[in-house]
1. Residues of segment 445-467 being within 21 Å of Pro153 (Cα to Cα), over 19 Å from the mean Cα position of the chain (by Cα) and more than 13 Å from ligand 2 (Cβ to nearest atom), which ones?
2. Specify which of the listed residues (Ala338, Ala378) is open to solvent by less than 30 Å² (accessible area, probe 1.4 Å) and modelled with pLDDT under 95.
3. Is it fair to say Glu399 is in the same structural domain as Asp421 (by TED's automatic domain parsing), within 16 Å of ligand 1 (Cβ to nearest atom) and over 19 Å from Ser459 (Cβ atoms)?
4. Give the number of residues within segment 341-355 that are open to solvent by 30 Å² or more (accessible area, probe 1.4 Å) and within 30 Å of Asp180 (Cα to Cα).
5. Which of the residues that make up segment 100-136 are over 16 Å from the mean Cα position of the chain (by Cα) and at positive phi?
6. Can Glu387 be described as without any contact (Cβ under 8 Å) to a residue 60 or more places away in the chain, part of a strand (DSSP E or B), open to solvent by less than 30 Å² (accessible area, probe 1.4 Å) and of a type in the set (Asp, Glu)?
7. Between a first residue in segment 110-122 that is free of Cβ contacts under 8 Å to residues at least 40 places away in the same chain and a second residue that is away from ligand 2 (no atom under 11 Å from the Cβ) and not in a strand (DSSP E or B), which pairs have beta carbons less than 6 Å apart while being 6 or more apart in sequence or on different chains?
8. Being modelled with pLDDT under 95, in the same structural domain as Val404 (by TED's automatic domain parsing), open to solvent by less than 70 Å² (accessible area, probe 1.4 Å) and farther than 30 Å from Ala33 by Cα: is that true of Gly358 here?
Amino acid sequence: MDRRTFLTLAALSSLAAACGTGSSAGSPSPVVALDFRNPLRVPPLLHPRPDKDGVRRFDLSMQAGRTPILPGKQTPTWGFNGAFLGPTLRADRGDKVEMAVRNRLPEVSTVHWHGMRLPARMDGGPHQPIEPGDTWTPHWTIDQPAATSWYHPHPHGATAQHVYRGLAGMFIIDDDLDLDLPSDYGVDDVPLILQDKRFAADGSFDGDPLKGTFGILGDHVLVNGSHNPHLNVTTERVRFRVLNGSNARMYTLGFADKRRFHVIATDGGLLGAPVEVEAFALTPGERAEIIVTFTPGEQVVLRSTDNGVDIGEGDFDLLKLIAAADLKPAPALPAHLAPLAAITAPAGAKVRRFKLSGHDAINGKPMDMARIDEVVPAGALEIWEIENNVYSHNFHIHEVAFQVLDMDGSAPPAYATGYKDTVYVPAKSVVRLAVQFGRFTDPVSPYMYHCHILRHEDSGMMGQFVIVEPGTESRANLTLPTHPGH
Ligand code: C2O
Ligand code: CU
Ligand code: CU
């Protein structure tokens, strides 16, 4: 195995690098040590407004406030329906949803439904700005497998700042696959939103998310906005829905006692079967669902181990789990999960190549709101090849589901073989994806693809594609009017 392949595999599986059982062992990290004194916050579930027509209407208000995060300090923060982060939205496959997103912030923003398959005008990218005081009301029918997705602002050039201040929330999709998985929200089905921050002496968030190679790498890692957290576990098995909502930090997640656990889902939904691991990697924007088994009375720490990527920074703790003396019994983990049909590009499928250069361009071009980079026929199955000649990046495509074909010629780890929308692209590697595009056509409303390190996204490592009626690709206009949708 050559060094490059080894690094890729080590970064992803982390098995080679995991070591030590406490914060003192393993590689030193600039992240501050914890004593787990604070109860973990769990974002509230947002209940839709009751409606006779069967549409689930969710009200979201983007607002500024103050949040106690560090002892004795109030941090100025932004949130949805509260001072910090956002409520968890939950809907079923087949539901019609309508959002009313009110912008009570002093500046223009947007809200993007990351992981959602929907028409481009509902996507909430940079082309759907919400002016201060305005309300945006996108609507769509949920039509995709059960998954953990999320929502966050996407204003061009200001995504890093808006997310860093606290605008992010989870969006859970359920379907009617009759699986016996933990699903009691906040009890045995628990969101974990990982975000790292820097603090100034007065408690305010510090640092410039648009400076340096990666922007901010915080020395305090928050889980659901809590610093130094613990969670009381009351059931034998818990499903954690983990979201890397950090601006740049990459995590390799596992437990201090190196227990094994199961990954059951990634970005786009459930895997075919649970995959047993000791650790798994999560880069910004990615999600994974894991099932962890506890014994009565035990305590164990969730941590990130040195993952050999440029954005890992040693071993550090995240959350202590404290199991009750009596745990409610849980059903066994199902042997099979979803009927995962492979995304297969047909022979002769279109191959598109994307070269990530520096931190501000794709194929040598920085993002231009008025330029369409790619025109894709509806329902296409294509191969996208992402080449990275520099330091760590990742790659996210709006609207699609993809599967990773290979990373530098090697198969991805088993837990990363399911449906995804965001993928790690290690330094000096090529990642190939089989991509399934959606069926909503709109030649003047683009979707985005970009590095989800927000410093890179904001500085131009992003491009735009439209989905059009098959056969009309060559007629698509590659220049957009300056104010589409207005
Ligand atoms: Cu989560 Cu285009 O983003
Ligand atoms: Cu997205
Ligand atoms: Cu990047």
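The values are calculated or read from the model by the stated rules, or taken from the named source; none is laboratory data. These numbers were taken from a predicted model, which means no experiment stands behind them. In this analysis, Cβ positions are derived from the backbone assuming ideal geometry, glycine residues included, and neighbour counts consider all displayed protein chains. Only protein heavy atoms, including side chains, enter the accessible area calculation; ligands, DNA and RNA are left aside. Shrake-Rupley method; radii C 1.70, N 1.55, O 1.52, S 1.80 Å.
1. If the condition is that a residue be within 21 Å of Pro153 (Cα to Cα), over 19 Å from the mean Cα position of the chain (by Cα) and more than 13 Å from ligand 2 (Cβ to nearest atom), then Ser445, Ser459, Gly460, Val466 are the ones that fit.
2. Ala338
3. yes
4. The number of residues fulfilling the criteria is 3.
5. Kept after step one, since they are over 16 Å from the mean Cα position of the chain (by Cα), are these residues of segment 100-136: 100-110, 118-122, 126-136.
Of everything in segment 100-136, just one residue is over 16 Å from the mean Cα position of the chain (by Cα) and at positive phi, namely Gly133.
6. For Glu387, the condition - without any contact (Cβ under 8 Å) to a residue 60 or more places away in the chain, part of a strand (DSSP E or B), open to solvent by less than 30 Å² (accessible area, probe 1.4 Å) and of a type in the set (Asp, Glu) - is not met.
7. Filtered contacts from segment 110-122: Met122/Pro138.
8. Yes, satisfied.
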